[in-house]
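Participant: One structure follows; several queries about it will come next.
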Amino acid sequence: MMADKQKVSRLLKTARGQIDGILKMVEEDRYCVDISNQIMAAQSVLKKANGEVLKAHLDHCVKEAITENNAAEKLQEIEKIIEKLL
């Protein structure tokens with residue numbers, strides 16, 4: 001993985017902490033809207049982490065494949081990721 005490991009790890013640990021907090025909120029029967037807001041916050045952090053990983057993939061792996069005239073497989077991978085994101 002070519003992404004900034006410290007940055008991605010920090011984001012994922014933040015999301016894990018948020019999810020632990022959400023679980024506690026559910027166990028405590030907290031207000032639904034508050035729980036939903038925390039779920040969306042965790043999703044946002046996960047999206048940011050995913051963006052970092054994908055950006056690094058494009059900047060390194062895909063560029064390298066293009067340079068080596070072997071981009072078809074990498075481009076197909078990106079297409080599948082985009083389909084999943086949409």
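Participant: Could you please find all residues in the stretch 45-69 being within 13 Å of residue 12 (Cβ to Cβ) and either in contact with a strand residue (DSSP E or B) (Cβ under 7 Å, 6 or more places away or on another chain) or not β-branched (Val, Ile, Thr) (or both)?
Facilitator: Scanning the stretch 45-69 gives 46, 47, 48, 49, 50, 51, 52.
Participant: In the stretch 1-54, which residue that is in contact (Cβ under 8 Å) with a residue 40 or more places away in the chain and either assigned to a helix (DSSP H, G or I) or under 12 Å from the mean Cα position of the chain (by Cα) (or both) is nearest to residue 81 (Cα to Cα)?
Facilitator: Result: 53.
Every read-out reported here was derived from the displayed coordinates using simple, explicitly stated rules and does not represent laboratory data. Note that the structure is predicted; figures quoted are calculated from it, not measured. Methodologically, a virtual Cβ is constructed for each residue, glycine included, from the backbone with ideal geometry; neighbour enumeration extends over all protein chains shown.
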